Structure formats: C-alpha cells, structure tokens
Amino acid sequence: MEERYVIVTPGTLLATSEKQGDGTYIYNGKTYSKYFGILKKSGNKISVIPFQQSYKPRKGDKVIGIIKEFVYPFFIVDLLSPIPAYLYLTNISQYPMKQDKAIKIFSPGTLIFAEIIEISDRVKLSMKSKDSKVLRGGRVTYITPAKVPRVIGRGGSMIKMIAEKTKCNLLIGQNGVIWFSCRYPELIIKIIKKIDEESHISGLTDRISKMIDEELKNERGE
Amino acid sequence: MREASKVWTRADGRKAEEIRELRAELGISKNASGSAKFCMGNTVAIAYVYGPMEVIPKFLEQSEKAILEVNYNMLPFSTEDRKKPGFSRRGAEISAVIKRVFENVIFLEDMPKTKILINIDILNADASTRCASINAASLALASAGIPMKDLVASCASGKVGNHLILDVAGKEDTEGDVDLPIAYLPVTDEILLLQMDGIVSISEFNKLIELAKKGCQQIYEFQKKTLIEFKKGSS
C-alpha cells in the first residue's frame, strides 16, 4: 500500500472516453494528461495534480502577498503568481482610512493576508473580510500551490497536528505562501519541505507526526 | 575485418538502425522552474525553463495566450574549434524552429498574459544538437509543470553511401550525404520539425522518415522513464 498514487507524464492516455477533470485534455474522443503529476480518480472524474505549478488566481481564494509599491489609487501586491494583484485604497479596510495612514501601514515589503474579490482584466484584492490582516513578524516559507490541500489535510488534520505539536501560529495562503511565527522556525521549514517532496506517497500525516516527535526530542536535548 | 563479416557497421560500431546511448538528468538548477540535461552519445544539451512569468516589456503581452521565448546557445568550448560566443545566424534559426515546435505542444492559452522562457546551452556538440535540445527542453518543460499535449521526442536519420542510418553522429553529419532531423509528437502522430540537407529519392525520403520516427519512439519511452524514475528517486 506504500505507492498508492500513479505518476503520469504529459500525453499519458487516461481514458478511452471523454472524461471531465482538471489537468486533462480531450483529443479524438480520448482523455489525456496535461501535466507531469499524480493521477486522481473520483467517481466519473479523472484529474491530474501537477508536481509543480505556478499559482493561478481564483475568486474567493485567501492568499498571502507582499506589498510591492503604491501607485495611486492602489497597492501592487506580489502573490508569487505570474500576474501581480492590486489592492485598491477603497478595499484596504472596513472603515474609511486616509491615504497617508494607509501608505504608512502598507509599506513596501509588508506581508498581508487578503481575499481575491475579482479577476477581470486585473486581479483585485480586498482586506474587508474579518480574517484579513497585516502580518507582523514571523517568517514565510513556500510550497507548490497544488499541494496546499495536503498541508491542510483532510478536515484540517495535518495543519492542526503541526500547530499543536510545535505550538506554532500558522497561516496558509492558497497561493502556496505559508506564514508562521514560533520557537522552531527551522523545523517548520523542514516539515513543509518534506510535505512538498513526499505528497504523492500515502501515510503522510503519520510520517510527519513521527518526524516532529523525533525533531522536538533532539531540540530539547533528550 | 569489418567487410569480412558482411554486416555493415558504422564508424562508431553501431548498427544502421541503432541510436546512441541516452542519458538524462533532471532538476540540475535550483533557480529555474524546471531544468534537464540530455545526452545523446557525446552531444550534451542543457535546458532551463523559467516561468510562467510577467511579460516585460509590456507591449509584447498577449491577452489571450502566453508567449514563448527560446534561446539556443552553443558554448565556445562545445565544438572542436573554439566557437565565437554571442549571436549567430545559426543560433537564431535553431531558436526559431524550436520555438515553433513548442508552440504546437504547450497549451499557451491556459496561461494568458504570461511568458515562458526556455534557455538551451550546448555543452558538447557531436551532431544532432537541435534534437538533443528539443529532448532536453521537453523534459524541462514537463518538470516545470507547464501544460503540454505530450513529450516531444526528436531524432535525426541520414544517408551515408547507400546506407540509411538512424541518429547521425560525428563524421556522418559532416561527410554523409543526407541529414534529416525530425521532432515527433506521438499522441497526435504529428511531425513538428522537419529539416533536410542533401538529395534523396522520394522512396528513400519516406524510409528515412519512418526510420527517424522509430528512433523518436525509443527516445520518447526513455523520456517517460526518466521523469517517473526522477520522482520515485527523489522521494
């Protein structure tokens, strides 16, 4: 049961009929893979989750970005996506805020946790929702956006387990940016790297749990 | 003594329809989104893929699809006589043909307003450098997570004397009669690149195409195997 996932390359024949799903395409009535990734079958759907992919903004995603610069009337935000996002002055808070104050708070290099509200000609962000915030202190690490669900786990199991064991404050953006503040920053980076590399092998949560226990023992010098 | 055995062998000891030894390595650069090294005998090509990324300058941006940039570069020490570094007409031509190959393979409309950059370096040239470049770039694109129809395999066939040969190498390229490189997309059974120098009859030309396709199939299987083994080896 160790290798439950099937690795596919672009152009691999997945079905001899037309099937729906992400990461696939249809040619001559047959379904083929678009990516180098893991095959996932659920019901009548066939999907391929790529091992590596840049972030594609979607409406409603909660993301972590870095403020690049202010160009009236918006802040340009880097989401590690090919296209930059824009945070308009009208969207920075539930309450009206003066431009001078906003520029002081959202200085270049500031990390923000915001929601994507519009994808038309531009990707627009909003800080109006309750959980949106400016992130002070802490560190960031990165994971492939396609693997964000693996970090969160089924029903949040993985993220809860990591936060409880390491007593860390973790925040995950859908764009693959993970912000954290805790006593063992190197350990968190190690965990995320392990998830990124081994996400296609089953029993990941157990292995991560074991790894954290061992690493924490070493940290405490036991 | 080769004549005595009645089986014609080539200068490097291969049979007429045998390709050179293939070697490939993935993930050779940490800075690139995807990278690969592909060796066909003594020909060594390295491909780096960057992106999808923001298009600069902005006027090159296309609102409905991504743009592709390919830079093919032969390093000065790659040939027997030192090659003058910098721009060359040959390099520009090969960059353009490789770009046309991948424009037909990548789903560019999936990534509007972006750019994909492919840089190819030839470390050692021993004929078929454009084939090795396409094979390396194909692997690098797949490992970078770029949506593609299929992996592209490329191989050359040729004619030396009265013999039709597969995977032209060394002196067969410079002293042979015909050199015919193709790039082949197995899923649609399409030929995406076809160049030829020399003179052949139509029947010989058809045979050469079939021969090159056979070589491409072998390379395609090797590419698939490399990708899967890379992922299994890293975990």
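Using a 10 Å cut-off around each Cβ of peptide A:50-62, what is the average number of partner chain Cβ atoms that fall inside?
That average works out to 3.
To the nearest 0.05, how large is the calculated FRET efficiency for A:Arg139 and B:Lys214 if R₀ is 51 Å and r is the Cβ-Cβ distance?
Once the sixth-power term is evaluated, E becomes 0.40.
Given the options A:Val123, A:Tyr95, A:Ile76, identify the residue whose Cα lies farthest towards the positive end of the charge dipole of segment A:62-135 (+1 on Cβ of Lys, Arg; -1 on Cβ of Asp, Glu). Sorting the options by dipole projection puts first A:Tyr95. Its relative contact order, with pairs defined as Cα atoms under 8 Å and 6+ residues apart, puts chain B at 20 percent.
Check the straight Cα-Cα distances from B:Lys207 and name the lysines below 16 Å, setting aside those fewer than 8 residues away within the same chain. Within reach: B:Lys159.
Dipole check for segment A:62-135: with +1 at the C-beta of Lys and Arg, -1 at the C-beta of Asp and Glu, and the Cα centre as origin, the magnitude is about 240 Debye. D by Stokes-Einstein for segment B:159-204, Kirkwood Rh over Cα pairs, 37 °C, 0.692 mPa s: 280 µm²/s. Relative contact order of segment A:138-215: 36 percent, from C-alpha pairs under 8 Å at least 6 residues apart in sequence. Between the alpha-carbon centres of segment B:159-209 and segment A:138-199 there is a gap of 52 Å.
Footprinting exposure proxy ranking of A:Tyr86, A:Tyr95, B:Tyr184, A:Tyr55, fewest other C-beta atoms within 10 angstrom first, gives A:Tyr95, A:Tyr86, A:Tyr55, B:Tyr184. When chain A is treated as a Gaussian network with alpha carbon springs shorter than 10 Å, the biggest mean-square fluctuation among A:Gly156, A:Gly138, A:Gly43 belongs to A:Gly43.
Each 5 Å bin from 0 upward holds the following percent of the Cα-Cα pairs of chain B: 1, 7, 14, 18, 19, 16, 11, 7, 4, 2, 1, 0, 0, 0.
For segment B:75-147, which chymotrypsin sites (Phe, Trp or Tyr not before Pro) are in a loop by DSSP, counting at most 13 other Cβ atoms within 10 Å?
Listed in order of number, the matching sites are B:Phe77, B:Phe87.
Name the lysines eligible as straight-distance cross-link partners of A:Lys104: C-alpha to C-alpha under 16 Å, and not fewer than 8 places from it in the same chain. Here the lysines satisfying the reach criterion relative to A:Lys104 are A:Lys68, A:Lys133.
Our estimate of slack between B:Glu204 and B:Lys84, defined as 0.36 nm per intervening residue step minus the Cα-Cα distance, is 39.5 nm. Between segment B:1-64 and segment A:88-115, what is the C-alpha centre distance in whole Å? Their Cα centres are 49 Å away from one another. Pairs spanning more than 23 Å between alpha-carbon atoms, out of B:Lys15/B:Lys213; B:Lys58/B:Lys99; A:Lys40/A:Lys210; A:Lys193/B:Lys113; A:Lys40/A:Lys167: A:Lys40/A:Lys210; A:Lys193/B:Lys113; A:Lys40/A:Lys167. Remark: the Cα gyration tensor places the protein assembly as shown in the prolate category, a/c being 1.5 or greater and a/b exceeding b/c.
Per-residue shielding of A:78-85, expressed as the average number of other chain Cβ atoms within 10 Å of the residue Cβ, stands at 3. When only the Cβ of Lys, Arg, Asp and Glu is charged (+1, +1, -1, -1), the dipole of chain A relative to its Cα centre reaches about 480 debye. Ranking B:Leu166, B:Asn135, B:Val187 by how far each Cα lies toward the positive end of the dipole of segment B:116-201 (charges on Cβ) leaves B:Val187 at the top.
Suppose every Lys and Arg Cβ carries +1 and every Asp and Glu Cβ carries -1, with no other charges. What dipole size does the protein assembly as shown come out with about its Cα centre, to the nearest 20 debye?
Values: 67 positive and 55 negative charges, 384 e Å.
With only Lys, Arg, Asp and Glu charged at Cβ, the dipole is about 1840 debye.
What residue among A:Ile38, A:Phe180, A:Ile105 has its Cα farthest toward the positive end of the dipole of chain A, where the charges are +1 on Lys, Arg and -1 on Asp, Glu, each on the Cβ? After comparing all options, I get A:Ile105.
When peptides B:155-168, A:28-41 are sorted by average Cβ neighbour count within 10 Å, with the highest value leading, the order is B:155-168, A:28-41.
Read-outs: derived from the displayed coordinates by stated rules, not from any lab. Since the structure is predicted, the reported quantities are computational estimates derived from the model, not experimental observations. With ideal geometry, Cβ positions are generated from the backbone for all residues, glycine too; neighbour counts draw on all protein chains shown.
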